[in-house]
1. Considering only region 110-130, how many residues are part of a loop (DSSP other than H, G, I, E, B), more than 12 Å from the ligand (Cβ to nearest atom) and in contact (Cβ under 8 Å) with a residue 24 or more places away in the chain?
2. If a residue must be in a strand (DSSP E or B) and more than 9 Å from the ligand (Cβ to nearest atom), how many such residues does region 82-100 contain?
3. Residues to consider are 273, 227; find the one that is out of contact with any helix residue (DSSP H, G or I) (no Cβ under 9 Å at 6 or more places or on another chain), within 16 Å of the ligand (Cβ to nearest atom) and over 15 Å from residue 36 (Cβ atoms).
4. Restricting to region 66-86, name every residue that is free of Cβ contacts under 8 Å to residues at least 40 places away in the same chain and in contact with an Asp or Glu (Cβ under 9 Å, 6 or more places away or on another chain).
5. Need pairs with beta-carbon distance below 6 Å; first residue under 18 Å from residue 234 (Cα atoms) and in contact (Cβ under 8 Å) with a residue 40 or more places away in the chain and within region 44-56, second in a helix (DSSP H, G or I) and among the aliphatic types (A, V, I, L, M); sequence gap 6+ or separate chains.
6. Of the numbered conditions (1) of a type outside the set (A, V, I, L, M, F, W, C); (2) without any contact (Cβ under 8 Å) to a residue 24 or more places away in the chain; (3) within 15 Å of the ligand (Cβ to nearest atom), residue 61 satisfies every one except a single condition; which is it?
7. Among the candidates 88, 57, 98, 70, which residue alone is in contact with a Leu (Cβ under 6 Å, 6 or more places away or on another chain) and of a type in the set (A, V, I, L, M, F, W, C)?
8. Any residue in region 131-154 that's within 12 Å of the ligand (Cβ to nearest atom) and in a loop (DSSP other than H, G, I, E, B): show its pairings with residues that are of a type in the set (Lys, Arg) and at pLDDT 95 or above at Cβ separation under 8 Å, as long as the two are six or more apart or on different chains.
Amino acid sequence: MSILVVGSVAFDTVETPFGKAERVLGGSASFFSVAASFFVPVNLVGVVGRDFGEKELAAFTGRHIDLAGLERMEGETFHWQGKYSYDLNARETICTDLNVFQFFKPRIPEKYRRSEHVFLGNIDPVLQLEVLDQVEKPRLVACDTMNFWIEGKREELKRTLRQVDILLINDSEARELSGEWNVVKAARAIRAMGPHTVVIKKGEHGVLMFTEDGSFAAPAYPLEEVFDPTGAGDTFAGGFLGYLASAKQPGDDVLRRAVVMGSALASFCVEAFSLDRLLRLTRPEIDERFRLFKRLTHFEPI
Ligand code: AMP
């Protein structure tokens, strides 16, 4: 059992009220892969430039992350710069230097083509569809997107969504995609576009999941120190899909536990810049936080 992930591998420059990190490892596929690799092997497809060195690669080695699909091109690696105010739910993008990412044409290595689980990170929906054209009947396709594609490539995104089982999206994006202000109505409208499950991420206010069986809510873990929220969404997706892929039987209970597992992983991600906390994380720490989530949300004797 493994997961194929396609997305950005980046250098991020991030400023928060608590400090600044320059050109540190980031990108949707990076956060996703490290989080998911705690549960199942991950096959990463992305692109980096010549400036992506051994130091950055070290984040992936020694884990169950296969890099045969990580292409290296002449030029510089994708660079994203963002700034957060004290409201860590709101961030401003200072710059997006696509660099080699603008030429990215995902090529899925032969050995990944029978992947049963696929995560389409936040990239052009046309490329997301090209990825699906290269894989043979996956059991589960999950997908992320952002306002940039909802505004610029709405029809293409809708075409991709017809082949997606689970869409992970934040609340403002869900409103924009559906044209519905209310998130319950927004989720219903998005489910009619294709995905049987919609997971709406609300930052420090947690997650809402809408499935065939109804809805489920999980809070974000109440941390005393939130240092840098960058990558929390992708880390959530990695924990969520990693857990689902490792589960023997699908079902609503498994989906619910996957949401809590994703939330547990994301709560570690925000404790430090870049992937710093995730790279120090151990499986017993994850299991302990999962247990604390259970205590946090139980209101009757366990
Ligand atoms: P998240 O905080 O989970 O939404 O994801 C943050 C990550 O997304 C950062 O590490 C960025 O490098 C990456 N990112 C930002 N903008 C884009 C974009 N336009 N395409 C792909 N990845 C991006």
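The values are calculated or read from the model by the stated rules, or taken from the named source; none is laboratory data. The shown structure was predicted, so the numbers you read here are calculated from the model rather than taken from an experiment. Ideal geometry is used to build each Cβ from the backbone, glycine not excepted, and the neighbour counts take in all protein chains shown.
1. As a first pass, look at region 110-130 and keep what is part of a loop (DSSP other than H, G, I, E, B): 113-116, 121-124.
Those left that are additionally more than 12 Å from the ligand (Cβ to nearest atom): 113-116.
Now restrict to residues that are in contact (Cβ under 8 Å) with a residue 24 or more places away in the chain: 115-116.
So the count comes out to 2.
2. Initially, region 82-100 is screened for residues in a strand (DSSP E or B), giving 82-84, 91-97.
Now restrict to residues that are more than 9 Å from the ligand (Cβ to nearest atom): 83-84, 92, 94-95, 97.
Residues that pass the stated criteria total 6.
3. Numbers: 227 fails: out of contact with any helix residue (DSSP H, G or I) (no Cβ under 9 Å at 6 or more places or on another chain).
Step by step, each of 273, 227 is checked, and only 273 is out of contact with any helix residue (DSSP H, G or I) (no Cβ under 9 Å at 6 or more places or on another chain), within 16 Å of the ligand (Cβ to nearest atom) and over 15 Å from residue 36 (Cβ atoms).
4. Scanning region 66-86 gives 75, 76.
5. 46/29; 47/100
6. (3)
7. Numbers: 88 fails: in contact with a Leu (Cβ under 6 Å, 6 or more places away or on another chain); 57 fails: in contact with a Leu (Cβ under 6 Å, 6 or more places away or on another chain); 98 fails: in contact with a Leu (Cβ under 6 Å, 6 or more places away or on another chain).
Sole residue among the options that is in contact with a Leu (Cβ under 6 Å, 6 or more places away or on another chain) and of a type in the set (A, V, I, L, M, F, W, C): 70.
8. none
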